[in-house]
Amino acid sequence: MAERHDPYVSLRNPNFRWYVASIVALTLGTQIQATVVAWQVYELTKDPLSLGLVGLAEALPFIGAALYAGHIADRHDRKLLSLIALAVQAGCGVALLVLTAYSARFLAGSVWPICAAVSVSGLARSFFQPARTALGAEIVPRETYANAVTWRSSLWQVAAVVGPASGGIIYGFSGPVLAYIVEAILCLIALFLFARIAYARQAVVANEGSIKDNLTAGIRFLMTQPVLLGAQLLDLFSVLFGGAPALLPIFASEILHVGPHGLGVLRAAPAAGAVLVSVVLIHRRIRKAGPTLFLCVASFGLCWILFALSRSFWLSLGLLVVSGMVDNVSVIIRSTLLTLRTPPYMLGRVSAVNQIFIGSSNEIGSFESGVAAKLLGTVRSVIFGGLVTLGVVGGTAWRIPPLRKLDELD
């Protein structure tokens, strides 16, 4: 066994290499899809609420199926479930390609066909997330979980840098058809790479209780873990109100005037910051995890407030980079806590609850951003969301002292 302080211990595991390579390919594809869909929908409608509706179309199936998906991930073959979900995701890329290639027929005056494809994509992700999270914990030794989580998050962020920028560049120079072709190919590559994982399914713990008991087991477990629950709630409400990535097409088009190329760069900026801080986190352990978590979430909200006030593209870009840096620290803290403090046989169900928090904060947050922008105006809505985030940080620190005092993650 490699020494625990070895920063590359997880990458010496061939199964983990196939695993993260698949995640990188899938993330590249889905980030390209998100960038192109956002710009395409806004070009068709010129309505901020339509951007929120796209987020809602993805969030409802993603969240609605989460508990059942977690139950399935704990009862059935996690690799097979992941492969099926990846195949469906690739199919959604093909569907968006066809809708766009024949837009005169399918998209004349309506973006609902795009929303339908995005909804199926959200359903596929709902089953993929708990299955791949639980499988990821099975293919690495428990003593290297923190290192594996850091590498997984770091490489995901690299893809999240390249994906939006690539989507914006391809869209700007060649249009959405080529972008969707690239996305579909990347999803198929992810499917192939995931299939290479040598996975031996672990024995399933005896099924006790009713289906309802099994579906809610993850929720009941979290209720007994105040530190873990507090970290999830902090992420939920801060990202739900604090970030506004769904509104970036409006900032790129009407405030910063940088077009689809600039949109791709803006969407990639938070991930670029996350990559920068990941280089440090891979080689160093996080100390005083609780105070660090609160500081990072507060900084995240402040960055978005300043972003809303900025009229300089380069200042806005820098603020998004910093927001990605502090957000990635909080992601690694939260993900490591989830993996280390959850029994392996419950990881699917607890991960499903976690994805409800993530889906609520990201996709429902996109809808909230669209509605708030419609009611308050784009700039005021982002400022308001950042102020709410600062309030959430203070309230969580006051109500959950164990999280505030958390030192070592493990």
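The values are calculated or read from the model by the stated rules, or taken from the named source; none is laboratory data. None of the values given here were measured: they were computed from a predicted structure. Positions of Cβ are backbone-derived with ideal geometry, glycine not excepted, and every protein chain shown enters the neighbour counts. The area values use the complete protein model at the heavy-atom level, side chains included, leaving out ligands, DNA and RNA. Shrake-Rupley method; radii C 1.70, N 1.55, O 1.52, S 1.80 Å.
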* Structure fact -> Over region 290-321, the set of residues touching an Asp or Glu at 6+ places or on another chain (Cβ under 8 Å), in contact (Cβ under 8 Å) with a residue 60 or more places away in the chain and more than 23 Å from Pro249 (Cβ to Cβ) is Gly290, Val297
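Mind checking whether some residue in region 327-334 is under 29 Å from Ala252 (Cβ atoms), of a type in the set (D, E, K, R) and open to solvent by 30 Å² or more (accessible area, probe 1.4 Å)? Steps first, answer last, please.
Taking region 327-334 as the starting set, the residues that turn out to be under 29 Å from Ala252 (Cβ atoms) are 327-332.
From the residues that got through so far, the ones that are of a type in the set (D, E, K, R) too are 327.
Checking the rest, the ones that are also open to solvent by 30 Å² or more (accessible area, probe 1.4 Å) come to 327.
Yes, some residue in region 327-334 is under 29 Å from Ala252 (Cβ atoms), of a type in the set (D, E, K, R) and open to solvent by 30 Å² or more (accessible area, probe 1.4 Å).
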* Kindly indicate which of Val371, Val353 is within 21 Å of Leu53 (Cα to Cα) and modelled with pLDDT under 85. => Val371
* Among (1) closer than 29 Å to Asn147 by Cα; (2) surrounded by fewer than 23 Cβ atoms within 10 Å (Cβ to Cβ), the one test that Trp314 misses -> (1)
* In region 58-78, how many are open to solvent by 20 Å² or more (accessible area, probe 1.4 Å), under 16 Å from the mean Cα position of the chain (by Cα) and of a type outside the set (D, E, K, R)? -> 3
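Of everything in region 273-297 that's open to solvent by 30 Å² or more (accessible area, probe 1.4 Å) and in a helix (DSSP H, G or I), which residue is nearest to Ser238 (Cα to Cα)? Steps first, answer last, please.
Taking region 273-297 first, the residues open to solvent by 30 Å² or more (accessible area, probe 1.4 Å) are 275-276, 279-280, 283-285, 287-288, 291-292, 295.
Those still in the list that are in a helix (DSSP H, G or I) too: 275-276, 279-280, 283, 291-292, 295.
Values: Val275: 21, Leu276: 22, Val279: 25, Val280: 24, His283: 28, Pro291: 16, Thr292: 15, Leu295: 12 Å.
Filtering region 273-297 for residues that are open to solvent by 30 Å² or more (accessible area, probe 1.4 Å) and in a helix (DSSP H, G or I), the one nearest to Ser238 (Cα to Cα) comes out as Leu295.
Counting only residues that are polar (S, T, N, Q) and more than 28 Å from Ser103 (Cα to Cα), which one in region 148-202 is surrounded by the fewest Cβ atoms within 10 Å (Cβ to Cβ)? I'd like the intermediate steps shown before the answer.
Just the residues of region 148-202 that are polar (S, T, N, Q), to begin with: 150, 153-154, 157, 166, 174, 202.
If we keep only those that are more than 28 Å from Ser103 (Cα to Cα) as well, we get 150, 153-154, 157, 202.
Details: Thr150: 24, Ser153: 24, Ser154: 20, Gln157: 26, Gln202: 12.
Only one residue fits best here, namely Gln202.
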* For region 276-288, enumerate the residues that are within 18 Å of Leu403 (Cβ to Cβ) and at pLDDT 80 or above. => Lys288
* Contacts under 6 angstrom Cβ, first residue in region 384-400 being within 19 Å of Val227 (Cα to Cα), partner of a type in the set (Val, Ile, Thr) and modelled with pLDDT of 85 or more, 6 or more apart -> Val393/Val297
* Asked: How many of the residues making up region 19-35 are in contact with a Pro (Cβ under 8 Å, 6 or more places away or on another chain) and either more than 15 Å from Ile114 (Cβ to Cβ) or open to solvent by less than 10 Å² (accessible area, probe 1.4 Å) (or both)?
  -> 3
